[in-house]
Amino acid sequence: MTAHNRGSPRLSHSTLNRGHPRIVSEPHPTLTIAKVMTPPRSTLRADAQRNREHLIATAAEAFASGRAISLDAIAKRAGVGNATLYRHFPTREDLVEEVYRDQIRPLREDARTLLATEPPAQALHAWMLRFADWAGERRGICEALVAMSASGRFGTGPVCDEVQQVLAMVLEAGATAGELRSDINPAEVGGILAGLLSVAGAPEQRPQLKRMLDVVVDGLRPR
């Protein structure tokens, strides 16, 4: 008898008995490789990047207009399908944050300047007011922050992450100075700030927002 697996080497039974197995190769079936006309991966990546950048630019222009606009309308205006938009930005919050990613960064320097000139608790209050001004000029950002805070995603996007890092810096300075509690989570403070802006973020509500921030900062002081 001869052990025989199609497409694999076989051993002659007679040579096994002599202790010197002889490997005999069986012919393999012919493989046919079909040519697939697929663009190189680098081309796909470049196209995807261009689509992403175009979507961001289109959304920025749409948000700056001050009018409400749906994601579907942004996709149509950008000349891409809805599936392409949602592949890059699964939620409206993701797109809003990406649009304002670079515009949030100067607020970090504002925080450093305030900490250099004001006690930490006052610097925190003043920075949150500055953030309110910044957010008030950018359509959709308050709603995005509130939605991300409610879903537990605060701190996972570029804007939220920057806010959280700034708050962490100010809160740490306040704890070191003994002005603010040391057990405060910056993401929780960011969520509180987003909530306040959702109910008192309009320019005409500034006096109300200041009073609410007074209460927040007072609640962050050590007892």
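For this structure, a couple of remarks:
- So LEU114, is it touching a residue at least 12 places away in the same chain (Cβ under 8 Å), assigned to a helix (DSSP H, G or I) and within 17 Å of GLU179 (Cα to Cα): yes
- Out of LEU171, LEU180, LEU193, one residue alone is buried (at least 20 other Cβ atoms within 10 Å of the Cβ) and not in a helix (DSSP H, G or I). It is LEU180.
- Condition check for ALA83: aliphatic (A, V, I, L, M) and in contact with a helix residue (DSSP H, G or I) (Cβ under 7 Å, 6 or more places away or on another chain): no
- For region 94-111, a tally of residues being out of contact with any Asp or Glu (no Cβ under 8 Å at 6 or more places or on another chain), in contact (Cβ under 8 Å) with a residue 24 or more places away in the chain, part of a helix (DSSP H, G or I) and of a type outside the set (A, V, I, L, M, F, W, C) returns 3.
- Residue count for region 58-74 under the criterion of being part of a helix (DSSP H, G or I), open to solvent by less than 60 Å² (accessible area, probe 1.4 Å), under 22 Å from ASP102 (Cα atoms) and not aromatic (Phe, Trp, Tyr): the result is 6.
- Lone qualifier among GLU137, GLU98, GLU118, GLU109 - being of a type in the set (Asp, Glu) and farther than 26 Å from MET212 by Cβ: GLU98
- Count of residues meeting criterion [within 14 Å of THR156 (Cα to Cα) and among the β-branched types (Val, Ile, Thr)] in region 78-101: 2
- Hits in region 131-158 (condition: loosely packed, with under 15 Cβ neighbours inside 10 Å, at pLDDT 80 or above and either touching a Ser or Thr at 6+ places or on another chain (Cβ under 7 Å) or assigned to a helix (DSSP H, G or I) (or both)): ASP133
- Residue ID - farthest from the chain's Cα centre (by Cα), chosen from residues in region 99-128 that are open to solvent by less than 30 Å² (accessible area, probe 1.4 Å) and closer than 28 Å to ILE69 by Cα: MET128
- Restricting LEU129, LEU124 to residues that are touching a residue at least 40 places away in the same chain (Cβ under 8 Å) and within 13 Å of GLY190 (Cβ to Cβ) narrows the list to LEU124.
The values are calculated or read from the model by the stated rules, or taken from the named source; none is laboratory data. Owing to the predicted nature of the structure, the values given are computational and were not obtained by experimental measurement. FYI the Cβ positions are ideal-geometry reconstructions off the backbone, even for glycines, and counts take in every protein chain you see. For accessibility, only protein heavy atoms count, side chains too; no ligands or nucleic acids. Shrake-Rupley method; radii C 1.70, N 1.55, O 1.52, S 1.80 Å.
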